[in-house]
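Some notes on the structure that comes next.
Since every read-out is calculated from the coordinates, none of them should be taken as a lab result. Please read these numbers as outputs of a predicted model, since none were measured by experiment. Because the Cβ atoms are built from the backbone with ideal geometry, glycine has one as well, and the counts that use them run over all protein chains shown.
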């Protein structure tokens, strides 16, 4: 699924934007994030040199995180006051919180692993949302998410430039 989404975004933006900007944008998109960015940058798609791609993907994935950590609960509170949107926000919160067990139990290291292990439904966006909903302070959550993104970068680089890139 991620590979299909990456393909759609890359094809949609190719020709209009540079390869680097495409990778930055892919890395900022929820669901795709750094995992999708590294896949897009890899030999199967844009073929950007690994040493150039990794920092772009990390930066792209981290750009939205401070905004999520600092503002999402206020935005959700406001959206919940809108009758047509409130049920969707409640459902989104419930879905995020259903994945919060290890984060609430282990906080910092739970958040690092949640963000860093490339499984469906994990990543910096969801980790930041869960951290904000759990009330984990920015000073603790942001460094944990950075470490998680770095871990994800290592794992996805091995997959994208090694295993998948050689298929």
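The simple Förster model, with R0 at 22 Å and r as the Cβ-Cβ distance, assigns residue 140 and residue 105 a FRET efficiency of 0.95. The angle separating the long axis of helix 50-62 from the principal Cα axis of greatest extent in the chain is about 20 degrees. Classified by the C-alpha gyration tensor, region 65-153 has a prolate form. Its axis ratio a/c, with a ≥ b ≥ c, is 1.5 or above, and a/b is larger than b/c. If R0 is 35 Å, what FRET efficiency do you get for residue 155 and residue 71 from their C-beta distance, rounded to 0.05? FRET efficiency, residue 155 to residue 71: 0.75. Placing pseudo-labels 7 Å out from each Cα toward the beta carbon at residue 98 and residue 78 gives an inter-label distance of 2.8 nm.
Rounded, prolate or oblate: which fits region 1-50 when a ≥ b ≥ c are the square roots of the eigenvalues of the alpha-carbon gyration tensor, with rounded for a/c under 1.5 and prolate only if a/b beats b/c? Rounded, because the longest to shortest axis ratio a/c is under 1.5. From the largest down, region 23-119 spans 47, 32, 21 angstrom on the principal axes of its Cα atoms. Per residue, the convex hull spanned by the alpha carbons of the chain comes to 115 Å³. Computed FRET efficiency, Cβ-Cβ of residue 119 and residue 11, R0 35 Å: what is it to the nearest 0.05? E between residue 119 and residue 11, to the nearest 0.05, is 0.85. Distance from the C-alpha centroid of region 1-66 to that of region 93-145: 22 Å, rounded to the whole angstrom. Entry note, the chain: the mean residue ellipticity at 222 nm calculated from DSSP H runs of n ≥ 4, each adding -39500 (n - 2.57), is -22000 deg cm²/dmol after division by the residues and rounding to the nearest 500.
Report the relative contact order of the chain, percent, no decimals, based on alpha-carbon pairs under 8 angstrom and at least 6 residues apart.
Computed value for the chain: 25 percent relative contact order.
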